[in-house]
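A short write-up of the structure that comes next.
The values are calculated or read from the model by the stated rules, or taken from the named source; none is laboratory data. Here the structure is a predicted model, which means the values were calculated and not measured. Here the Cβ is made from the backbone with ideal geometry for all residues, glycine too, and neighbour counts use every protein chain on show. For the accessible areas, the whole protein counts, side chains as well, though only heavy atoms, and no ligand, DNA or RNA atoms are used. Shrake-Rupley method; radii C 1.70, N 1.55, O 1.52, S 1.80 Å.
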Amino acid sequence: EPEVTQTPSHQVTQMGQEVILRCVPISNHLYFYWYRQILGQKVEFLVSFYNNEISEKSEIFDDQFSVERPDGSNFTLKIRSTKLEDSAMYFCASNNRGNQPQHFGDGTRLSIL
Amino acid sequence: AQTVTQSQPEMSVQEAETVTLSCTYDTSENNYYLFWYKQPPSRQMILVIRQEAYKQQNATENRFSVNFQKAAKSFSLKISDSQLGDTAMYFCAFSASYTGTASKLTFGTGTRLQVTL
């Protein structure tokens, strides 16, 4: 069964550094999402992306965050200047129609030192 | 905006027994979907079951079934014949039903389920 893949599985970065989290959605999917889960808390929506543009973003997704689909397969989340509070698990998800179940990757654990 | 509430932070059930996890939600949308996702210690997010709001029949998936009460905005998950592998965090989630655009998931705070021998 096709899967959403995320790399790296764990990223350790110094505060203030830029980080790029990578995702390869399922190939025939058109809608892409990023979510964040701070340890011990619920999963929070960050941003959705369709047709090469952001569909919706949450209040968490401020100017430090950006998303990009640089080619036909990758979907990236960039945090420009990381803060301690950005430490979390970041999940990428995709679906082939906006109202269909989202398939999640295994997540990237981001640790900011 | 929609909200999802899970009032049971932790639950425990013995192997082979049945357990019900509660979820309530609030929305002004008429068409929407409800989901239960499972997150084992490995922290993957695994879809357990989905319910379409316009369908009155409760969804079932093997040992997993839901009790969907639209008027009460309630969406509980029943796990029958519990197995050790069911030990996980369970998240209830809501998605509006939009066609032609992305629909975000709004999650509850989760219920940690422990299945014991």
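Points worth noting:
- Sole residue being basic (Lys, Arg) and under 20 Å from residue B:45 (Cα atoms), chosen from A:69, A:36: A:36
- Residue selected from the stretch B:52-67 under the condition part of a strand (DSSP E or B) and surrounded by fewer than 20 Cβ atoms within 10 Å (Cβ to Cβ), by the criterion nearest to the other protein chains (Cβ to nearest Cβ): B:52
- Restricting attention to the stretch B:17-51, the residues that are under 10 Å from the mean Cα position of the chain (by Cα), crowded, with 16+ Cβ neighbours inside 10 Å and of a type in the set (A, V, I, L, M) add up to 4.
- Scanning the stretch A:41-56 for residues that are charged (D, E, K, R) and modelled with pLDDT of 95 or more returns a single hit, A:44.
- Test: residue B:111 is open to solvent by less than 70 Å² (accessible area, probe 1.4 Å) and either farther than 28 Å from residue A:107 by Cβ or away from chain A (no Cβ under 14 Å) (or both): no
- Residue count, the stretch A:72-91 (criterion: in a loop (DSSP other than H, G, I, E, B), of a type outside the set (D, E, K, R) and either at pLDDT 95 or above or over 14 Å from residue A:25 (Cβ atoms) (or both)): 3
- When the stretch A:54-113 is limited to residues that are hydrophobic (A, V, I, L, M, F, W, C) and more than 14 Å from chain B (Cβ to nearest Cβ), the one that is nearest to the chain's Cα centre (by Cα) turns out to be A:77.
- Tabulated pairs, the stretch A:1-17, first in contact (Cβ under 8 Å) with a residue 24 or more places away in the chain and farther than 14 Å from residue A:111 by Cβ, second open to solvent by 90 Å² or more (accessible area, probe 1.4 Å) and assigned to a strand (DSSP E or B), C-beta under 8 angstrom, 6+ apart or interchain: A:6/A:22; A:7/A:22
- Per the listing A:111, A:66, A:94, the residue uniquely part of a strand (DSSP E or B), touching a strand residue (DSSP E or B) at 6+ places or on another chain (Cβ under 7 Å), exposed (fewer than 14 other Cβ atoms within 10 Å of the Cβ) and hydroxyl-bearing (Ser, Thr, Tyr) is A:111.
- For the stretch B:68-90, residues that are assigned to a strand (DSSP E or B) and under 27 Å from residue A:90 (Cβ atoms) total 5.
- Residue that is farthest from residue B:113 (Cα to Cα), among those in the stretch B:1-15 that are in a loop (DSSP other than H, G, I, E, B) and open to solvent by 60 Å² or more (accessible area, probe 1.4 Å): B:1
- Residue in the stretch A:71-84 that is in contact with a Leu (Cβ under 9 Å, 6 or more places away or on another chain), closer than 19 Å to residue B:93 by Cβ, aliphatic (A, V, I, L, M) and buried (at least 18 other Cβ atoms within 10 Å of the Cβ) present: no
- Residues in the stretch A:8-33 that are open to solvent by less than 30 Å² (accessible area, probe 1.4 Å) and within 11 Å of the chain's Cα centre (by Cα): A:21, A:23, A:25, A:32, A:33.
- Conditions (1) open to solvent by 10 Å² or more (accessible area, probe 1.4 Å); (2) more than 24 Å from residue B:40 (Cα to Cα); number of the one not met by residue A:36: (2)
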